[in-house]
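Engineer: Below is one structure. I have some questions about it.
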Amino acid sequence: MSTATKPSSSVVKRPQIRQSECFINGQWQPAASGKTFETVDPATEAVITQVAEGDAADVDLAVTAARRAFEDSAWSRMDARDRGRLMLKLADLIEAEAEELTALETWDNGKPIRDARAADLPLAVDCLRYYAGFADKIQGETIPVRGNYFTYTRREPVGVVGQIIPWNFPMLMVAWKWGPALAAGCTIVMKPAEQTPLTCLRLARLAQKAGFPDGVINVVPGYGPTAGAALVRHPGVDKIAFTGEHLTAQTIMKEAAPTLKRLTFELGGKSPNIVFADADLEAAVAGAHFGLFFNQGQCCCAGSRVFVQEKIHDQFVERIVAMSQSRRLGDPFDVQTEQGPQVDRNQFDKIMKYIELGKKEGARCVAGGDRFGDRGYFVKPTVLDQVTDQMAVAREEIFGPVMSVLTFRDVDEVVQRGNNTFYGLAAAVWTRDVSKAHHMARRLRAGTVWVNCYDVFDAAAPFGGFKMSGQGRELGAKGLDGYLETKTVTVALD
Ligand code: ADP
């Protein structure tokens, strides 16, 4: 693996670290406890920098600042159109710092620089611009009620929102969370994932530069059970928006019960990617490869159960193996690299355990199956064939580059088996038969169904889970719902 020790023209430089403290009320400050934690480069296992380790005390300061900002006329009375303009300014500043931000994301997360450039950054900018356009289009209704009254509704911001995000798309998750919250007029306390706090802090600096009033956006880096839990319990927080594991969401739901906070969740998945014999095979193979291996397999909507119709199984497996084996792994700062390391040692260990478990349970490992190199948390793209529904690798979210291939005979069988999971985030269908495609789209119990494509995201298209994959939706007009209260106003006319 060529790393930064052997730079070539196709290797991007690591950026300067500018922010590593809590951002509270427009000020950069160390954690009240003075503690810090390390954030590590997953490609080299070297420490990147120390980051302020916020906890309950810092969360309390941040929530107080966010509450004050929510009530202050500088924000609460700001014209909606001006709120939108601030968001557009932020999007412009992000775009202007694209080089640094993408390099920072690659360093902290390990994702290939080409992905950070092609996906994370442009999608984040687009999401902020999309929601900026909504700021002045949030409106109520007039309602014909009985009697001589005039009744109308107002859609008002829910208040102070706590936002807790994961490490797989750090910058993009900031945009998904800040976009609708700011458009709605909420104020924010965000806790980034402990593995990847750096781009979130950099975006907070850009928000400050864009001119958001102090306290509208606050960032408290730290750990889940301390900083995260404090945010969930804090009586000054009106709503929690969380993306992460369903087990954490269960804890959050319990912890939020005493204060009855509004909750939206975007959780995990075990998404079926269904390839019919009448599909364009080349496209389906490429789609299955991308749908699973993109972002090192660290996607909540990864197509991790690939159902292949019996008669094309052998052709499919031959092609998917060849494609997996030709995937370019290595230094994520090299613009040629397609797959970087997993985010940390825990994830690496968990994935290796699942690969062993899959083999033990009788799956055939036909590609990968072991570590790549001897430094960094790299896992070779792995394909497990002859997987059956009851195996752990077919039921549990692995969150790594491990594809399970299962075979099926007909539509009814694959619908039943595809839906046979407590998750329901995404699904995909590959077929040339348009009726079958729509039939499948209706019967699959998932928040998103892709037909002849995978991982197509758009800021305008709602995303979220059925069943235990989530609650509420992000993106699109629907994504605003979780950040708004509806107020009914009734006026006696005489
Ligand atoms: P992952 O296993 O992918 O890290 P988690 O659900 O553990 O997923 O983490 C997602 C986010 O939730 C992170 O920011 C993490 O710090 C935070 N988190 C973890 N535990 C808690 C908790 N008990 N309360 C609030 N936030 C938490």
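Engineer: Please find, within region 232-262, the residue that is farthest from the ligand (Cβ to nearest atom) out of those that are assigned to a helix (DSSP H, G or I), within 23 Å of Trp176 (Cβ to Cβ) and polar (S, T, N, Q).
Structural biologist: Checked region 232-262; the qualifying residue farthest from the ligand (Cβ to nearest atom) is Gln250.
Engineer: Among the residues of region 267-289, write down those that are in contact with an Asp or Glu (Cβ under 8 Å, 6 or more places away or on another chain) and closer than 19 Å to Phe463 by Cα.
Structural biologist: Listed by number, the residues that qualify are Leu267, Gly268, Gly269, Lys270.
Engineer: For region 133-142, check the following and say yes or no: at least one residue is among the basic types (Lys, Arg), touching a helix residue (DSSP H, G or I) at 6+ places or on another chain (Cβ under 9 Å) and either modelled with pLDDT of 95 or more or buried (at least 20 other Cβ atoms within 10 Å of the Cβ) (or both).
Structural biologist: Scanning region 133-142, I find at least one residue that is among the basic types (Lys, Arg), touching a helix residue (DSSP H, G or I) at 6+ places or on another chain (Cβ under 9 Å) and either modelled with pLDDT of 95 or more or buried (at least 20 other Cβ atoms within 10 Å of the Cβ) (or both), so the answer is yes.
Engineer: Which residue pairs have Cβ atoms under 8 Å apart, sit 6 or more places apart or on different chains, and have a first residue in region 474-494 that is modelled with pLDDT under 95 and a second that is not β-branched (Val, Ile, Thr)?
Structural biologist: Within 8 Å, the pairs are Asp494/Asn148.
Engineer: Residues Glu45, Glu100: which one is charged (D, E, K, R), in contact (Cβ under 8 Å) with a residue 24 or more places away in the chain, farther than 23 Å from Tyr483 by Cβ and in a helix (DSSP H, G or I)?
Structural biologist: Criteria check complete, one pass: Glu100.
Engineer: Given Gly222, Gly215, Gly228, which one is among the small types (Gly, Ala, Ser), buried (at least 19 other Cβ atoms within 10 Å of the Cβ) and in contact with a Ser or Thr (Cβ under 7 Å, 6 or more places away or on another chain)?
Structural biologist: Of the residues listed, the single one that is among the small types (Gly, Ala, Ser), buried (at least 19 other Cβ atoms within 10 Å of the Cβ) and in contact with a Ser or Thr (Cβ under 7 Å, 6 or more places away or on another chain) is Gly215.
Engineer: Scanning region 95-132 for residues that are more than 19 Å from Gln16 (Cβ to Cβ) and of a type in the set (A, V, I, L, M, F, W, C), which turns out surrounded by the most Cβ atoms within 10 Å (Cβ to Cβ)?
Structural biologist: Applying the filter and picking the extreme gives Ala124.
Engineer: Here's something else I'd like to know. May I ask you to list the residues in region 66-82 that are over 18 Å from Lys239 (Cβ atoms) and not hydrophobic (A, V, I, L, M, F, W, C)?
Structural biologist: Selection gives Asp72, Ser73, Arg77, Asp79, Arg81, Asp82.
Engineer: How many of the residues in region 365-387 are touching a Leu at 6+ places or on another chain (Cβ under 7 Å) and either at pLDDT below 95 or within 16 Å of Leu406 (Cα to Cα) (or both)?
Structural biologist: Residues flagged as touching a Leu at 6+ places or on another chain (Cβ under 7 Å) and either at pLDDT below 95 or within 16 Å of Leu406 (Cα to Cα) (or both) within region 365-387 amount to 2.
Engineer: Hey, another quick one. Among the residues of region 263-288, which ones are in a loop (DSSP other than H, G, I, E, B) and either surrounded by fewer than 21 Cβ atoms within 10 Å (Cβ to Cβ) or of a type outside the set (A, V, I, L, M, F, W, C) (or both)?
Structural biologist: Gly268, Gly269, Lys270, Ser271, Ala277, Asp278, Asp280
Engineer: For Pro381, only one of the following conditions fails: (1) on the phi < 0 side of the Ramachandran plot; (2) in contact with a Lys or Arg (Cβ under 8 Å, 6 or more places away or on another chain); (3) surrounded by fewer than 19 Cβ atoms within 10 Å (Cβ to Cβ). What is its number?
Structural biologist: The number of the failed condition is (3).
Engineer: Kindly establish whether Asp115 is of a type in the set (Asp, Glu), under 30 Å from Thr488 (Cβ atoms) and out of contact with any Ser or Thr (no Cβ under 7 Å at 6 or more places or on another chain).
Structural biologist: Here the answer is no, as Asp115 does not meet what is asked.
Engineer: Are there any pairs, at least 6 apart or on different chains, whose C-beta atoms fall under 9 Å, with the first in region 232-244 and within 17 Å of Pro192 (Cβ to Cβ) and the second within 12 Å of the ligand (Cβ to nearest atom) and of a type in the set (Ser, Thr, Tyr), and if so, which?
Structural biologist: Val232/Thr251; Phe242/Thr248
Engineer: Restricting attention to region 384-421, report how many residues are in contact with a Lys or Arg (Cβ under 7 Å, 6 or more places away or on another chain), within 16 Å of the ligand (Cβ to nearest atom) and aromatic (Phe, Trp, Tyr).
Structural biologist: Total meeting the criteria: 0.
Engineer: Within region 320-351, can you find the residues that are in contact (Cβ under 8 Å) with a residue 12 or more places away in the chain, part of a helix (DSSP H, G or I) and away from the ligand (no atom under 16 Å from the Cβ)?
Structural biologist: Result: Ile320, Val321, Met323, Ser324, Gln325.
Engineer: Among Ala183, Ala204, which is the only one that is of a type in the set (Gly, Ala, Ser), surrounded by 24 or more Cβ atoms within 10 Å (Cβ to Cβ), modelled with pLDDT of 95 or more and touching a strand residue (DSSP E or B) at 6+ places or on another chain (Cβ under 9 Å)?
Structural biologist: Being of a type in the set (Gly, Ala, Ser), surrounded by 24 or more Cβ atoms within 10 Å (Cβ to Cβ), modelled with pLDDT of 95 or more and touching a strand residue (DSSP E or B) at 6+ places or on another chain (Cβ under 9 Å) holds for just one of Ala183, Ala204, which is Ala204.
Engineer: Name the one entry in Thr243, Thr196, Thr248, Thr226 that is of a type in the set (Ser, Thr, Tyr) and over 30 Å from Leu292 (Cα atoms).
Structural biologist: Of the residues listed, the single one that is of a type in the set (Ser, Thr, Tyr) and over 30 Å from Leu292 (Cα atoms) is Thr226.
Engineer: Name the one entry in Val317, Val306 that is in contact with a strand residue (DSSP E or B) (Cβ under 6 Å, 6 or more places away or on another chain) and in a helix (DSSP H, G or I).
Structural biologist: Val317
The values are calculated or read from the model by the stated rules, or taken from the named source; none is laboratory data. Predicted model, so just to flag it, every value in this text is computed and none were measured. Methodologically, a virtual Cβ is constructed for each residue, glycine included, from the backbone with ideal geometry; neighbour enumeration extends over all protein chains shown.
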